[in-house]
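Report on the structure given below.
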Amino acid sequence: MQTTRRTFLGSVGATAALGIVGAGTMVEARGGTSGAMQASSTVKNKCLFWVAALTPCDKNLKFDESIYAEMMAYFKTAGADGVVVLGTTGEYPSFSVAERKQVAETAFKHRNGLNIIVSPGTSNVPETIELSRHAAENGADGLLIIPPFYYKNPPLEGLTEYFSLIFEQVKIPINLYHIPDTSGVPISIELLRSVKKYPNLAGIKDSDDSVPDYQLFVNEFPSLNMRTGTVTNLKAALDHDMGAILMEGNLFTRQIAAVFAAKRAGKSLDEPLAKLDAAIKLLEPAGGYHFGTMKYALSLQMGSRQTYPRPPHTHASDEQKGKMQAALQQMKQLG
């Protein structure tokens, strides 16, 4: 997956026009407060930081359960509120149904207090429901479901029926996954309206880079958790008490956690956002958004053995490794 969403500080002024703050939300953390909530409680349960977690594989491309367990502990210690299991960054299309269940079960077993959202989406209803039920029955806090992505330009009625079949059989919080550059099937305002009647519609993940489109989502559905999936819209999301699910969370966990900490403390976001931006600018030229290099960099940060992506993604080359080592050393100097 090629990403270009790096100039988020330049978009801060453009996102200032977002003017509607959500009043309520479905509580997604287990043991959360139900019923009417004060603003501080809404922020606590809605404005959370999830890492779009990588899925580690060994040299033989088998899922590395022990490293995944270490990752859960690492993300928690570094300040993440939760993880998304087997999203796009987690290479979900590269794993079988049985493997996806194994990966999810490993996350549940080693959750360390993290809020866990599982991505169970496939191109068909039966497997998506099977994986959704498995997640619900084994302790997931929520789901992130991509639309059926093989057939392009499906009619609204067809997408509504697809998601309705899932909502009617799975009762934990469900989030729709808007990543049109990858799926080819956007989550539209009209689709969200058509399924808003389901009480377990929790929100979306918006992985598009569009500032005005994110503004439309927030303005139209202020009571849902319209999570940003890009750093471009991170400040806008926090300004409106929304959460974020970020692939950057793998390599910049502490920097992103510092942004959320400033939000919760009522402080300015400018300084932690600037530090995050500086760190991203160091690692991106070193391959910080390529799966093999991301996994290599995370292994260096964790002090663990290297893990690998499955094809069609490629392993980090020796040249990429050298650049990443140097970039990580520079990032340490940023503090």
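The table below lists the values:
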item: Antiparallel bridges, percent of DSSP beta bridges restricted to the stretch 45-265 (to nearest 5); result: 5
item: Gain upon complete extension [ALA98, LEU300; 0.36 nm per residue less C-alpha separation]; result: 69.8 nm
item: GLU220, GLU248, GLU137 arranged by Cβ crowding within 10 Å, fewest neighbours leading; result: GLU137, GLU220, GLU248
item: For the chain, built as a Gaussian network whose Cα springs stay under 10 Å, the top-fluctuating residue of ALA286, ALA52, ALA278; result: ALA278
item: Cα-Cα over 25 Å, subset of LYS59/LYS205; LYS62/LYS332; LYS76/LYS263; LYS152/LYS196; result: LYS59/LYS205; LYS62/LYS332
item: Footprinting exposure proxy for VAL218, VAL211 (fewest neighbouring C-beta atoms within 10 Å first); result: VAL211, VAL218
item: Per-peptide average of other Cβ atoms within 10 Å, ordering 227-234, 65-72 highest first; result: 227-234, 65-72
item: Amide H contacts of CYS57 (H built 1.01 Å from N, under 5 Å, at least 5 apart or other chain); result: ASP64, TYR308
item: Footprinting exposure proxy for PHE252, PHE95 (fewest neighbouring C-beta atoms within 10 Å first); result: PHE95, PHE252
item: Residue-averaged [θ]222 nm for the chain, counting only DSSP H segments that reach four residues, each worth -39500 (n - 2.57); result: -13000 deg cm²/dmol
item: Length gained when the stretch TYR150-ARG193 is fully extended (0.36 nm per residue, less Cα-Cα span); result: 13.2 nm
item: Principal axes of the stretch 80-135: Cα extent on each, largest first, Å; result: 31, 21, 15
item: Using θ = phi - 60° and Karplus 6.51 cos²θ - 1.76 cosθ + 1.60, couplings along the stretch 276-293 (whole Hz; Gly, Pro as x); result: 5, 4, 5, 5, 4, 5, 6, 8, 4, x, 8, x, x, 10, 9, 4, x, 6
item: Pairwise centroid distance, computed over Cα atoms, of the stretch 86-121 with the stretch 167-229, Å; result: 20
item: For ILE204, residues with placed amide H under 5 Å, excluding near neighbours; result: LEU176, ASN225, MET226, ARG227
item: Cα-projected label distance for ASP270 with ARG310, points at 7 Å along beta-carbon direction, nm; result: 4.7
item: Dipole in debye (nearest 20) - the stretch 45-265, about Cα centre, beta carbon charges: Lys, Arg +1; Asp, Glu -1; result: 520
item: Three-way shape label, the stretch 45-265, alpha-carbon gyration tensor, a/c 1.5; result: oblate
item: For the chain, built as a Gaussian network whose Cα springs stay under 10 Å, the top-fluctuating residue of GLY87, GLY113, GLY322; result: GLY322
item: Protection proxy ranking of 169-176, 235-242 - average other beta-carbon atoms within 10 Å, highest first; result: 235-242, 169-176
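Just so you know, all these numbers are worked out from the coordinates, no wet-lab data involved. Please read all numbers here as calculations on a predicted model, not as lab measurements. When we count neighbours, we look across all protein chains shown, and the Cβ atoms used for this are built from the backbone with ideal geometry, even at glycine.
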